[in-house]
Each structure stands twice: as structure tokens, then as C-alpha cells.
Amino acid sequence: MTTDDFDEGERERDRSLVSPGERYGDRFRMNISAEQLQARVIEAETRALARTFEELGRSGDVPRAAALILGARRRYITGRGKAAAYAELLGADLGATLSNVFLVDGRALTPLTVLTDVRASDVLVAFTMRRYREETVRFGELFHEAGGKVLLITDSAEAPLTDIATTVIHVHTRSASYADSPTAVAAACHLLSTLTTASAKGARRRLTVRDELASALHLYRPESDKERLA
């Protein structure tokens, strides 16, 4: 059996364990020590991140996604469940350097509000990981039907919305834990926001203004001389 055959078999087994409860029963044994479990998790996270970066480096998907975001008039970001945390992470980074970045969280901004005024120049960044929240999938479909572009960040080439997305960023989330790994997803967000910001007009000015306003609003604890020199 080749390494590729082994990896494919491992991926198929992982995909068959759909829920956290199923993965818990499969991966956590009574006789496993904390040290053994830690080693397994570290190894799995390292492999998932390395594989994700290797594939993204070859595919050029992240530069294409950055260009799509930069060319948009309005940038909407969404995700539900655990994926909401990824959406908020990317939204915080992009919002610091770009205008018209909106987090569609179902509270402050709802899909209904967005869908009433979608333009062809708008882009929706949608995070959807297994078990693929229906709200995100339906929102993405309707956004596409309304003429907007969808940028999908997901964990499978067969995930919902891949067939209508303008660009897809694929990340590996296989883990030794009961929970799918967030490591590569967070790294992809960081990579995407970095490439987008590097080409964004006015990014330096916006960051400078934000620093001035953060100081005026006393948002952060002042650093001591000792902390500054550390």
C-alpha cells in the first residue's frame, strides 16, 4: 500500500465520522495517556496545516480570492455555528484595512437584509464546514441567484456551494480530536487577509487613523516602559 493509498483511506474514514460524538467514541480510548493524546493532536495539526499550505501554494486560490475581495464594492462575510468564529476573525482583519466589510451574523445584519439589495459587484465570503449549516448554504445560493459572487472557504471539494462559487479555498480539518481542526482554517484566514491588505489602496492610511482613534477612545491598556523594551 502506498502513502497516497493510506492517506486516502484515512481521509475516507475521517469523513465517515460525521458528528463530534462519533469521533469521540472512535478516537478517545480509556487507556490513552494525556501525553499520547497530545502527541497525536500535535502531529495531526501539523500535517493538516502543512497539507493545506502546500495545496494553496500550488493552486493560486488565495491570490484569486484576494483579488475578488479587492474588486468588490461590498464584502459580506458569513458562517454559522463554529464557522461563525472564522467569519468574525476574517471580518476583523479585513475591516481594519478595507471599507464596506460586513459580518452577516443573523443579528446585527441578517441574510434577509443583504439579499434585498445584492449587486453584481458584491461578494459573499462563506465559511461552511461539515456538517454544513443549511442557513449558510441557502444564503449562498440566493446570493448567487441575485447576481453576487460567492467566495467559499470549506473542507471538502464536494461541499455545498462549490459548484456556484467563483473561488474556493479548500482547507484540511482532519484532527485527532473529537472536534475538527480549526488550525488550517485560521491560517487560511490570516493568509487571505494578508494578501488582500498588501494590495489594498489606502490600507496604511486606514491603519494609521485606527491607531489614532483607538488611542483617543482609550481602547487598549497603555504599555509600561518595561513592556515596550521587552
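The values are calculated or read from the model by the stated rules, or taken from the named source; none is laboratory data. These numbers were taken from a predicted model, which means no experiment stands behind them. FYI the Cβ positions are ideal-geometry reconstructions off the backbone, even for glycines, and counts take in every protein chain you see. The area values use the complete protein model at the heavy-atom level, side chains included, leaving out ligands, DNA and RNA. Shrake-Rupley method; radii C 1.70, N 1.55, O 1.52, S 1.80 Å.
The protection proxy used here, the mean number of other Cβ atoms lying within 10 Å of each residue, ranks peptides 186-194, 66-74 as follows, highest first: 186-194, 66-74. Going by alpha carbons, how many degrees (0 to 90, nearest 10) lie between the helix axis of 61-70 and the longest principal axis of the chain? Orientation of helix 61-70: about 20 degrees from the principal axis.
With every protein chain left in place, what is the accessible area per residue of segment 50-177 in square angstrom, probe 1.4 Å? Intermediate values should be presented prior to the final figure.
Working: 5560 Å² over 128 residues.
Per-residue accessible area for segment 50-177 comes out at 43 Å².
Taking every DSSP beta bridge that has both ends in the chain, the antiparallel portion is near 0%.
Placing dummy labels 7 Å off each Cα toward the beta-carbon, the span from E54 to L112 is 4.8 nm.
In debye, nearest 20: dipole of segment 127-230 around its Cα centre with unit charges on the Cβ of K, R (+) and D, E (-)?
380 debye
Between the helical axis of 34-59 and the longest alpha-carbon principal axis of the chain there is an angle of about 60 degrees.
Computed from backbone phi, the HN-Hα couplings of segment 184-195 come to 5, 5, 4, 5, 5, 4, 5, 5, 5, 5, 5, 5 Hz, rounded to whole numbers (Karplus: 6.51 cos²θ - 1.76 cosθ + 1.60, θ = phi - 60°; Gly and Pro given as x).
Rounded to the nearest 20 Debye, what is the dipole magnitude of the chain about its Cα centre when Lys and Arg each give +1 and Asp and Glu each give -1 at the C-beta?
The dipole magnitude comes to about 820 debye.
For the chain, the mean residue ellipticity at 222 nm estimated from helices alone is -16500 deg cm²/dmol, where every DSSP H run of n ≥ 4 contributes -39500 (n - 2.57) and the total is divided by all residues, rounded to the nearest 500.
Coupling constants for segment 134-150 follow from the phi torsions by the Karplus curve (6.51 cos²θ - 1.76 cosθ + 1.60, θ = phi - 60°), and in residue order they are 4, 4, 5, 4, 5, 4, x, 4, 5, 4, 5, 5, 7, x, x, 9, 10 Hz; glycine and proline get x.
Round to the nearest 10 and give me the degree value, 0 to 90, for the angle of helix 203-216's Cα axis relative to the longest principal axis of the chain. Helix 203-216 sits at roughly 80 degrees to that axis.
Hey, any idea what % of the chain's accessible area is carbon plus sulfur with a 1.4 Å probe? Present the calculation step by step, with values, prior to reporting the outcome.
On the way: 7290 of 13260 Å².
The computed percentage sits at 55.
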